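Working notes, structure below.
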Amino acid sequence: MPNDSDPLADLDLDARQRPLAPGLYLVATPIGNLEDITLRALRVLKSVDRIACEDTRQTQKLLNYYGIATPTVSLHEHNEAGRTSELIADLLGGGRIAVVSDAGTPGISDPGMFLTRAAIKAEIPVCPVPGANAALSALIASGLETERFLFFGFLPPKTSARRSDLEKVKAGLNQPTTLIFYEAPHRILEALADVERVWGASCRVVVARELTKLHEEFLRGDIRQVREQLEGRERVRGEIVLLIDAQPATENAGTVVSVQQRINELKTDGLDEMDALKRIARERAISKSEVYRELQREKSRKPGR
């Protein structure tokens, strides 16, 4: 149990005096500002036998800055499966290995989890060395709800898959929740358009850009306000965290009319279903085939299916 009378009673104040124990260390590194790193992380990176890096060139910049000469080896999405057996063998022999990504916490939308699972299976100690994380940094400064949030990593790059994922998330919510996504700058306007289609134009969002870097920026407001700010720029740059003040689906909450509802409205005007689909496609600036797929998704979500 924590010792409430002495906030330092349960802290490991002597860790610096002990040799680093064998095991796998998951070390968080800066997400922008080079000072986004803990004293413990620096000690671990200096003390391990090897550092497994998402990109050795990127990590070397950090190591050079802090005067750390520990050897590095690559560990990225294309070689993690093959490199893991080599690293596990070293760990079983009493080695000490740190894992780092290019920025932030390894394993969070970055390599590291394959090796971590293998280490756990081999009963090798796995030690988190916490620090910077873009998702949580964006959340605490967003002004949105922090008691209940969900992190989903990167949204799908294609519109149909992205919209489908957002709809599934909304269907699964039973109370207000802050959703956190990573998004590429060249897709952020498309992503916001899909969020608007699913949650409506009044949904509150936050776009956190270039966190802890020189040009750090938070855009807060409803979707249309944020979209208008970004659309007015010649180009959107930098790494982005998108946060959504997501409300659960209710019978009367949706501000976006379903495809089937719109078809029914257009039929009263004398259009057949095919012409109605064409009209909806023009209204929503998407292809007729995408409107048809949306109609099928709506039908599949009906009770009894």
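The values are calculated or read from the model by the stated rules, or taken from the named source; none is laboratory data. This structure is a prediction, so every number in the text was calculated from the model and none was measured. No Cβ is skipped: glycine too gets one built from the backbone with ideal geometry, and neighbour counts run over all protein chains shown.
Some values worked out for this structure:
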{"quantity": "Any hit, segment 148-160, residues being surrounded by 17 or more Cβ atoms within 10 Å (Cβ to Cβ) and more than 25 Å from Leu211 (Cβ to Cβ)", "calculated": "yes"}
{"quantity": "Arg209 being assigned by TED's automatic domain parsing to the domain that holds Arg237, in contact with a His (Cβ under 8 Å, 6 or more places away or on another chain) and at pLDDT 90 or above", "calculated": "yes"}
{"quantity": "Segment 140-192: number of residues that are in contact (Cβ under 8 Å) with a residue 60 or more places away in the chain and either among the basic types (Lys, Arg) or not assigned by TED's automatic domain parsing to the domain that holds Glu228 (or both)", "calculated": "2"}
{"quantity": "Enumeration of residues in segment 278-305 that are modelled with pLDDT of 80 or more, surrounded by fewer than 12 Cβ atoms within 10 Å (Cβ to Cβ) and hydroxyl-bearing (Ser, Thr, Tyr)", "calculated": "Ser289"}
{"quantity": "Helices (runs of 4 or more DSSP H) fully within segment 178-296 counting 2 or more residues that are of a type in the set (Lys, Arg)", "calculated": "223-231, 259-268, 273-284"}
{"quantity": "Hits in segment 44-102 - residues which are hydroxyl-bearing (Ser, Thr, Tyr) and either in contact (Cβ under 8 Å) with a residue 60 or more places away in the chain or in a loop (DSSP other than H, G, I, E, B) (or both)", "calculated": "Tyr66, Thr70, Ser101"}
{"quantity": "Conditions (1) out of contact with any strand residue (DSSP E or B) (no Cβ under 9 Å at 6 or more places or on another chain); (2) within 30 Å of Ile37 (Cα to Cα); (3) in the same structural domain as Ala208 (by TED's automatic domain parsing): number failed by Ala122", "calculated": "(3)"}
